[in-house]
Amino acid sequence: MNAIEITDFRKEYGTTVAVRGISLSVREGELFGLIGPDGSGKTTTMRAVCTLLVPDAGTILVQGLDTSRDVMRIRAVLGYMPQRFSLYQDLSVEQNLRFFADLFRVPPAERLEREEQLYRFSRLSEFKKRKAAALSGGMKQKLALSCALVHTPRVLVLDEPTTGVDPVSRREFWDILRSIQKQGTTILVSTAYLDEADRCDRVALMYRGRVVVSGAPSSVREGFSYPLYRLKGKDVRALQAQFAAAAETRTTQLFGDALHVVFNVEPSESRWAEWRATSAGNLETWGRQPPSIEDVFMDLMSTQDEGAPGAAPAGARS
Amino acid sequence: MNTSIHTENLTRKFGEFVAVDRVNISVGSGEIFGFLGPNGAGKTTVIRMLCGLLKPTAGKATVAGFDVYTQSELIKQNIGYMSQKFSLYDDLSVGENFEFYAGVYGLGAGEIAEKRREILGRFGLEAYGSAVTRDLPLGFKQRLALGCAVLHEPRILFLDEPTSGVDPKARREFWKTIHDTAAGGTTVFVTTHYMEEAEYCHRVSIIDGGVIVALDTPGRLKESHGKESVQDVFVDIVGSD
Ligand SMILES: Nc1ncnc2c1ncn2[C@@H]1O[C@H](COP(=O)(O)OP(=O)(O)OP(=O)(O)O)[C@@H](O)[C@H]1O
Ligand SMILES: [Mg+2]
């Protein structure tokens, strides 16, 4: 039995179709990632898994239980952290954590170890007595995450848990997720950081209410067949303008101080020589490179005929 | 290059706790200045002081030539500020939010209509004038928040995590807008937790525990730390404590 079984799930808000009949299964004990642009249907899907909205069509089973019938039984095995999680602003850091540990009836024996682990990740131990209201944005997010992770549910659903969390803490957060997974918990997580997608067992990329690609991150990457080159130069924005105009080019994207160019066909050596000459010294290095999940995502987004931003649905934030 | 932002030993305490500790920064006009640091490092506190929203405990700071202690009203007229939680009215439409901010900045009725067309057009929001803000995808809200922050054509923009939670495609479009804005002479002071975005800044500074621990161009930071990316530099500096 899969931990989560989504079949032809569809959801509309007024005239906007948020999710257009998707099917997905998350295996028992799996760490499954949902990625996709804003408004693609991720939050709607997660909320439906958590019994917080009723599908317009299709079924969702969690641990074999139907989300539209077995609401209470599902809620008993499920942990959910929504995008906007409310802490008690006038309670201190440690009072918040203790409150949720009590709420979830975490046995005292397990508490200490888990709390220690969570404080290590959040670096909030120096600030145990501080009111949640006086924390920085990211510290609040980390406290909210800690509260959600204080117990070990059978199924854990986390909606963009790492938004606003700094890079060092993000790494530690993913280590905690792994250790929770090792205790047998199935985890469904969405993220806007695509480097995190690589840390999932499997991912699904959603776009406009549909699942466009899914599978293990490695197979998603390997399924991308176009030649991708990483270019460096003095002015990468000028390089981007130059390569966007080349006949062989499929897409171009800035990646920090480098430019990634996806070609429709492998360019010849003489083409590179030409490009280097026309760049007037701007193009310095180039080399073929395997695509990352972000490359695959960006290429899909740029070629799915998205058109103007106005083409995206004005529906609820997915 | 004219100086847009200048601080000398800028300090802020909350009770005994020192949130910002003797910060010295100078940012030139038209510069994109990236302000990095782990959660709780003091980034938002510095921005709030520079925007005239929070009084420093000690030290000096001028923004657009105005003193943060005595001329905070003049500062507010000359800057745009986009806070970590976009300050939009969720139950107003896109157009109403825009008009609200235009009114705050004292634009006349004719001016407002013209600005509304121009800015909603520039940010790809024309079709959404009557959409309720609550229903917008995050990337759209973020563009609307930026539109509201630039409608009075400020010389200096403070952007506090403008791209948090925004998808990679929308983030790249946002950064293109930032570059265009800076090319027109506007100074941009921006925080982010996406380290590849740090590479898009002219200079970056890393603050940790209220103290500035690094300040240079992304290129020189990588060189001096012998790292391939600002991400690695950041982890090197911040991860070691
Ligand atoms: N009103 C307050 N009372 C007490 N402490 C405060 C108050 N406001 C902020 N602080 C503390 O000051 C420190 C700096 O907070 P700040 O919001 O500037 O961090 P930040 O660098 O913006 O972090 P983030 O990346 O999480 O947004 C934190 O330890 C925070 O808890
Ligand atoms: Mg902040």
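Close amide H pairs (under 5 Å, H built 1.01 Å from N) link B:I32 with B:V188, B:H202, B:R203, residues at least 5 positions away or on another chain.
Taking 7 Å steps out from each Cα toward its Cβ at A:D56 and A:A244 produces label points 3.6 nm apart.
Determine the dipole magnitude for chain A: charges of +1 sit on the beta-carbon of Lys and Arg, -1 on that of Asp and Glu, nothing else is charged, the reference point is the Cα centre, and the result goes in debye to the nearest 20. Let's see the in-between values first.
Details: 41 positive and 39 negative charges, 180 e Å.
Once rounded to the nearest 20, the dipole reads 860 debye.
Extension gain, B:V132 to B:D91, is 14.1 nm, computed as 0.36 nm per intervening residue step minus the present C-alpha separation. As I understand it, the value is the acute angle between the Cα axis of helix A:93-103 and the longest principal axis of the Cα atoms of chain A; what does it come to in degrees, rounded to 10? Taking Cα atoms only, the helix is inclined about 70 degrees. For chain B, find the longest principal axis of its Cα atoms and tell me its angle to the long axis of helix B:94-104, 0 to 90°, nearest 10. Between the helix axis and the principal axis of chain B, the angle is about 70 degrees.
Run the helix sum for chain B: -39,500 (n - 2.57) per DSSP H stretch of 4+ residues, divided by residue count, reported at 222 nm to the nearest 500 deg cm²/dmol. Walk me through the intermediate numbers first.
On the way: 9 runs with 90 residues, N = 241.
Rounded to the nearest 500, it is -11000 deg cm²/dmol.
Which whole-number percent gives the relative contact order of the stretch A:179-247, counting Cα pairs below 8 Å spaced six or more residues apart? Value for the stretch A:179-247: 16 percent.
Among rounded, prolate and oblate, which fits the protein assembly as shown when a ≥ b ≥ c are the square roots of the eigenvalues of its C-alpha gyration tensor, a/c under 1.5 means rounded, and a/b larger than b/c means prolate?
Working: a/c = 1.40, a/b = 1.14, b/c = 1.23.
Because its axes are fairly even, with a/c under 1.5, the protein assembly as shown counts as rounded.
Close amide H pairs (under 5 Å, H built 1.01 Å from N) link A:Y207 with A:V212, residues at least 5 positions away or on another chain. By the equivalent-ellipsoid construction on the alpha carbon gyration tensor, the stretch A:225-290 comes out with semi-axes of 16, 14, 10 Å, ordered largest to smallest.
For chain B, what does the relative contact order come out to in percent, with C-alpha contacts under 8 Å and a separation of six or more?
Working: 444 pairs, mean separation 62.7, N = 241.
Value for chain B: 26 percent.
When chain B is treated as a Gaussian network with alpha carbon springs shorter than 10 Å, the biggest mean-square fluctuation among B:H202, B:H225, B:H152 belongs to B:H225. Going toward the positive end of the dipole of the protein assembly as shown, with +1 on Lys and Arg Cβ and -1 on Asp and Glu Cβ, which of B:T181, A:S279, B:L144 do you reach last? Comparing the listed Cα positions along the dipole, B:L144 ranks first.
Whole Å is fine, so just give me how far the alpha carbon centre of the stretch B:19-98 lies from that of the stretch A:14-29. Centre-to-centre (Cα) distance: 41 Å. Mind running the shape call on chain A? Use the C-alpha gyration tensor, a ≥ b ≥ c as the square roots of the eigenvalues: rounded below 1.5 for a/c, prolate if a/b tops b/c, oblate otherwise. Since a/c reaches 1.5 and a/b is larger than b/c, the shape of chain A is classed as prolate. Here the Karplus curve 6.51 cos²θ - 1.76 cosθ + 1.60, taken at θ = phi - 60°, turns the phi angles of the stretch A:216-228 into couplings of 5, x, 5, 6, 5, 5, 5, x, 8, 9, 7, x, 10 Hz, with x standing for Gly and Pro.
Angle of helix B:138-150 to the longest C-alpha principal axis of chain B, folded into 0 to 90 degrees and rounded to 10: 90°. Let me see the P(r) profile for the stretch B:95-201: every Cα-Cα distance counted, bins of 5 Å, each bin given as a percent of all pairs. With a bin width of 5 Å, the distribution comes to 2, 11, 24, 23, 22, 12, 5, 1, 0. Applying the Karplus relation 6.51 cos²θ - 1.76 cosθ + 1.60 with θ = phi - 60° to the stretch A:121-126 yields 3J(HN,Hα) values of 5, 7, 6, 9, 4, 5 Hz, where x marks Gly and Pro.
Output the Kirkwood hydrodynamic radius of chain B, Cα pairs only, in Å rounded to one decimal.
Here the Kirkwood hydrodynamic radius works out to 18.5 Å.
Taking the Cβ of A:L188 as the center, what net charge do the other residues with Cβ under 13 Å away carry, scoring Lys and Arg +1 and Asp and Glu -1?
-1
State whether the stretch A:174-263 is rounded, prolate or oblate according to the following rule on the C-alpha gyration tensor (a ≥ b ≥ c being the square roots of its eigenvalues): a/c under 1.5 gives rounded; otherwise a/b larger than b/c gives prolate, and the remaining case gives oblate.
Details: a/c = 2.96, a/b = 2.08, b/c = 1.42.
Note, shape of the stretch A:174-263 comes out prolate.
Less than 5 angstrom separates the built amide H of A:L149 from none of the residues sequence-distant by 5 or more or on a different chain.
Across A:T249, A:T191, A:T51, mean-square fluctuation computed from a Gaussian network of chain A (C-alpha pairs under 10 Å connected) peaks at A:T249. Converting phi to 3J(HN,Hα) with the Karplus coefficients 6.51, -1.76 and 1.60 and the offset θ = phi - 60°, the stretch B:207-219 yields 10, 9, x, x, 10, 6, 10, 7, 7, 5, 6, x, x Hz in sequence order, with x at every glycine or proline.
For chain A, the tally of Lys pairs with Cα-Cα distances below 15 Å comes to 6, considering only residues 8 or more apart or on different chains. In percent, rounded to a whole number, the relative contact order of chain A is 21, using alpha-carbon pairs under 8 Å and six or more apart.
Laboratory data are not the source of any read-out in this text; all were calculated from the coordinates shown. This is a predicted model, so every value here is computed, not measured. Note that we place each Cβ from the backbone using ideal geometry, even for glycine, and neighbour counts take in every protein chain shown.
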